[in-house]
Structure formats: C-alpha cells, structure tokens
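What follows is calculated from the coordinates using simple rules that are stated; it is not laboratory data. No experiment lies behind these values; they were computed from the predicted model shown. Virtual Cβ from ideal backbone geometry, glycine too; neighbours counted across all protein chains shown.
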Amino acid sequence: MLAFNADQIAAHHHLFRFNPILPVTPNYPGLEGATSALMTLTGLSSYGAGIVIVGAARLTMMIGLFLLFARIGGSARTAGLAAAIYAGNFNFFFWGAQFSYESIALPLFVVVLMAVAERDASPREWAREWAVPIVLGIAAIVVTHHLTSYAIAGFLALLAVVYWALRRDWSWPNPWRYAILAAVLAVGWLVLVANSTFGYLGPVIGEAFEAIFNTASGDAPPRGLFQGKGSSIPDTPILARGIALLAVALLGLGVLFGLKRFWKRHRKEPYPLIFAAASIVFFGTLLLRLAPAAWETGNRLSEYLFVGLAFIAALSGLQNWQPAKRPWAGRAALTGALGVILVGGAIAGWPWDLQLSAPIRASAEGRTISSGPLALAEWAERNIPADERFGASTADARMLMAPGERVAFAGKTPDIQDILEETSFSDWELPLLREEDIRYVVTDRREISSDATRGYAFTMRGDEPELLPLATVTKFAELPGAQRIYSSGDISVYDLGPGR
C-alpha cells in the first residue's frame, strides 16, 4: 500500500495522494516522501528505494539503542547486550522490516530518546545544540506515524513528570518543553491534517476493549496462542512453540534479576525508572494475546515497551558471569540464551507458515510464470488505462496498486468485500460501484485472496485453496453490458462498462 503512495508522490510531485485501500496512510507521508525523493534522485523503483530507506532506518535504530543504553547505563558492555536483547522483540525480524511507516517512525523514536538522554548528560550551554535534532526528530515522527507520535509525546510527558518527582524542579534538564511541543504537534497534525485517523483507530481500540471485557467475563472464549484466523493455516510445531515460550521465560528471568540491580543502582534516575516500569508492563500486555481482537494491540505495544525491557534485562549482569574454572561456559550460556530470545521472538511475532516468503514467481528451463494476483497486476498495467478503478479482494487489490500502479478498492470501506463474496446482488451494491466510479471488478474464488499476507502467492502442492461459490463470479456475467475481459482460472475481471 505504501509503495503505491510513494509511486504516486514520485509521479505527481506532491504529497497526500489518495489511497483507496487505507485512506489514512497519505496523511502521514514521512516514509513515502523520503522514498519518493530517493527514487527521483537515483532512478530506483519504490521497491529498491524502500529497501534502502528501511535498511538505513534499522541501522540507525540499533546505533541509537546502543548510544541510549550506554549513556543511561554507563557501560558499553551493558549497552551491547541490551541492543542484542532488543533484536529479540516479537516484531523485529518481520513486521519491523516491512515497508511500513512504523519501520521508520520507531527508529526516529529511539533517536529522540537518545538525543534527550545525551542532552541531559551534556553541559547546560550545549542544550540549544541538542534542540535541533530533538525538534526535527519529533516533527519527523508526527508526519510519519500516528501511534509513534502519541508514544513520543507520552514518553516525554512521563519523563518530565519523573524528573519533577525525583528533583522537585521543572528547570533544566527537565524536558517538559519538548513534551508540550510533541503533544501540540501530534494533536495539531491529527486535527488539522489527519482527522480521518479518528475513524481508523476508533474501531480498532473499541474492538480491543470489547474483546478484553468479553474474554475476562467469560462471554467469549480466549484466543489460543500460536493460532491464526483461518482454519487452513498450518499449526506451529511443538518445538517452535517451546522455543518461543522459553524465550519469554528467559526474558522474565533477565528482568527479574535486572530489577534487583536497577533498585540498587538506578532507582533515582529518570530513564531507568521509566524503563523498569515498561519492562513490567510488557509482561502485562502478553495477556492481551488471549483476547481475539486485542492481540494485535498488545503486539504493537511490545515494540515500544521492549526498549525498557532490553535495558533492564541487560542490567542482570549475566554478561559478566564467568565461572572461575570454565570462563567460556558463561559466554556460551549467554550466547545460547540470546539465540533462543532472537529465534523465539521471530516465532512469536509472525505466522509460522510465513517465516519463509512464499513465491510469487516461478522459473524453470528459462521461462518464468507469475502467481495469479501478480499476473493480474501485470496484465492491468499493460491493458487498462491508469485512471480507471478496480474493485477487488485484498491481495488482488494490493498487487494492482503496486506493482500494477492502478487504483483498486478492497475491504469494508467501501464494502467491496461483501460485493465479491455474496452470491447475488443486494440493492446497495451496484449504486456503491457507481458512486466510487469502479468500472472493473476482479472476482477471485480463492478464500485466501482476502488474506493480506498469504493471498499473493502460488498455492503450494497438496494445499488446495478453499473456494467461494461459483455464483459469486457468474452473477457479474448476468449484468446487462458486463463482459469478462480476463480470466486465469480462479481470477476473472469483468468490465461493467462506462458509467456503470
């Protein structure tokens, strides 16, 4: 979706272009703006430029984490261990590596934390010099990602309160001015530019609270761990589940011992105090994974809370444990524990069957074929004018947008999903297509086509997809003037005609 935004910015040379699948994304153009600038300067595609931008952001985040932990912990060894532990958070390997706005906003969040910590440790006459990177970092976060902008405003406000509670003083180095700035920028951008965010986040938060209440009261069964939404999704093997649970147990032990050292050495320091609270809250958010509609909220929170957890776990002193007779044993044990945390975090944060990318192209004897959704996008790019609009299932629509560079609607807003899945037309369906000026409808009988992570790829041998009823397709052929202009088996395209 964001690759489509970057392509649109590069092609039209201005921000805030329309995104038909997730209209809120153009209101936060930080990532796409940087990507389109690199595309213009180098001639790279959005894919190539996105790899460079996200790769640079992840490198910046790890450097920022090390410098942050080294400053507040006073030890490069502790900082190195904390940065390594952070790589074991549930979203580090997969979610955080996507071309998505949080992939750059979270590194900016870390850089701002690092800059504020360095400012606090610097002589007072250097405070103005640190103001530039802090203000620019906050502004960049605000225009890049809504949740991270609220997170940085909340963290700085909490930091200011903790400074006052410990020192009873609002003067330097208390960062209350930056907290106010972050809050004003985040709220101002939300109200003046991105007010559609209310409609985007409201249902997510509401459903999460409802799921928590229903699960806690017994009105709804708890969500099973390592389970996806579809019945056709392969189960996570027992060994993999064990590694993921062992990783959480090791983190718990690290935090337990780390909190003891924190209490002895750092309990009167603002940053460690907040990080200690974050490490405890992290384990509380694990309970959200038992509520069906709240697990994603808990998963997203973990990236921010893990910054504090990584620091507290690193304070445990395990990096200094070396038995007198076998000093190598301590290093081996620490290396093994870090390996379990790294692998376990990846298992817990991403579906098991997607740990390795599913193929969308296959080559044999010098010839290449594309998966159904990719072949559709390639056909549309060659044969359909760029200003025409499609209605399609999620996977097909995303491929049509990038790399197909065509406008495609999907999902529930507007409700294209029900139009494609019902076996007959309701009174509201054709008027909706006319209202959105959708001329081309893509029918895909594969139920998995509504899956935003699995629907793009080939069906693997022995794993036949579940199909929607044939009437979901044939109903379009019965419309006066409608023509089927493309078919590749399960996927067809109907031209409803101009003005339909």
* To do: Provide the three semi-axes, in whole Å and in decreasing order, of the ellipsoid equivalent to the chain as defined by the square roots of 5 times the Cα gyration tensor eigenvalues.
  => 44, 27, 21
* **Binned Cα-Cα distances of the range 26-92, short to long, each 10 Å bin given as a whole percent** => 20, 34, 25, 19, 2
* To do: Principal axes first, then extents: for the Cα atoms of the range 256-325, list largest minus smallest coordinate on each axis, whole Å, largest first.
  => 50, 33, 15
* Asked: Once the mean 1/r over all distinct Cα pairs of the range 70-125 is inverted, what Kirkwood radius in angstroms do you read off?
  -> 13.0
* To do: In nm, give the distance between the simple-model label positions of I369 and E464, each being 7 Å from the Cα along the Cα-to-Cβ direction.
  => 1.7
* To do: Return the whole-Å distance between the Cα centroid of the range 47-84 and the Cα centroid of the range 142-193.
  => 22
* Structure fact -> Measuring from the longest principal axis of the C-alpha atoms of the chain, the long axis of helix 238-265 (C-alpha) lies at a number of degrees, nearest 10, equal to 30
* Structure fact -> One finds the C-alpha centres of the range 351-416 and the range 472-486 to be spaced, in Å, by 21
* Structure fact -> Going fewest to most other Cβ atoms within 10 Å around each Cβ, Y304, Y200 line up as Y200, Y304
* In the range 361-495, with Lys and Arg counted as +1 and Asp and Glu as -1 at Cβ, which of these residues, A477, W428, P465, has the Cα nearest the positive end of the dipole, that is, farthest along it? -> P465
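Note the full-extension length gain between V281 and A97 as 0.36 nm times their separation in residues minus their Cα-Cα distance, in nm to one decimal.
63.8 nm
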* To do: Evaluate the range 272-416: find the radius of gyration of its Cα atoms, find its Kirkwood radius, and give the ratio Rg to Rh.
  => 1.19
* Asked: Which value, in debye to the nearest 20, gives the size of the charge dipole of the range 279-422 about its Cα centre, when Lys and Arg are +1 and Asp and Glu are -1 at the Cβ?
  -> 1120
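Please give the FRET efficiency for W263 paired with K412, using the beta carbon to beta carbon distance and R0 = 51 Å, rounded to the nearest 0.05. Before the final figure, lay out each step's value.
Working: r = 49 Å, r/R0 = 0.96.
Computed FRET efficiency for W263 and K412: 0.55.
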* Structure fact -> Put in order of increasing Cβ neighbours within 10 Å, starting from the fewest, I360, I212, I134 give I360, I212, I134
* To do: Go ahead and run the numbers for FRET between V191 and H13, Cβ-Cβ distance against an R0 of 22 Å, rounding to 0.05.
  => 0.25
* Structure fact -> With Cα coordinates, the longest principal axis of the chain makes an angle with the long axis of helix 197-217, in degrees rounded to 10, of 70
* Residues in the range 106-139, backbone N under 19 Å from the label point at A37 (7 Å along the Cα-to-beta-carbon vector): list them, ranges by number please. => 106-112, 132-139
* Asked: Over the range 361-495, what per residue volume does the convex hull of the Cα atoms give, in whole Å³?
  -> 109
* Structure fact -> With the dipole of the range 49-208 defined by +1 on each Lys or Arg Cβ and -1 on each Asp or Glu Cβ, the option from I180, A127, A140 whose Cα lies farthest towards the positive pole is A127
* To do: Extending each Cα 7 Å along its Cβ direction at A329 and M62, get the distance between those two points in nm, one decimal.
  => 3.1
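Please work out how much length the chain gains when fully extended from L166 to F198, using 0.36 nm per residue of separation minus the C-alpha to C-alpha distance, in nm with one decimal.
Full extension from L166 to F198 adds 7.9 nm.
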* To do: Indicate, rounded to the nearest 5 percent, the antiparallel portion of the DSSP beta bridges found entirely in the range 361-495.
  => 75
* Asked: Once you charge only the Cβ atoms, +1 for Lys and Arg and -1 for Asp and Glu, what is the size of the charge dipole of the chain about its Cα centre, to the nearest 20 debye?
  -> 2920
* Asked: Applying the Karplus parametrisation 6.51 cos²θ - 1.76 cosθ + 1.60 with θ = phi - 60° to the phi angles of the range 114-122, what ³J(HN,Hα) value in whole Hz is obtained for each residue in order, glycine and proline being reported as x?
  -> 5, 5, 5, 5, 5, 4, 5, 8, 8
* Structure fact -> With Rg from the Cα atoms and Rh as the Kirkwood inverse mean 1/r over Cα pairs, the range 1-157 has an Rg/Rh of 1.01
* Assign one of three labels to the range 159-210, namely rounded, prolate or oblate, based on the Cα gyration tensor with a ≥ b ≥ c the square roots of its eigenvalues; rounded applies when a/c is under 1.5, prolate when it is not and a/b is larger than b/c, and oblate otherwise. => oblate
* Dipole of the chain (Lys/Arg Cβ +1, Asp/Glu Cβ -1, origin at the Cα centre): which of T25, G308, G224 lies farthest to the positive side? -> G308
* Can you give the translational diffusion coefficient of the range 143-274 in µm²/s, computed by Stokes-Einstein from the Kirkwood radius over Cα pairs at 25 °C and 0.890 mPa s? -> 127
* To do: Measure nothing fancy, just the Cα-based angle from helix 327-349's long axis to the longest principal axis of the chain, in degrees from 0 to 90, nearest 10.
  => 30
* With charges only on Cβ, +1 for K and R and -1 for D and E, what is the dipole size of the range 361-495 about its Cα centre, in debye, rounded to 20? -> 480
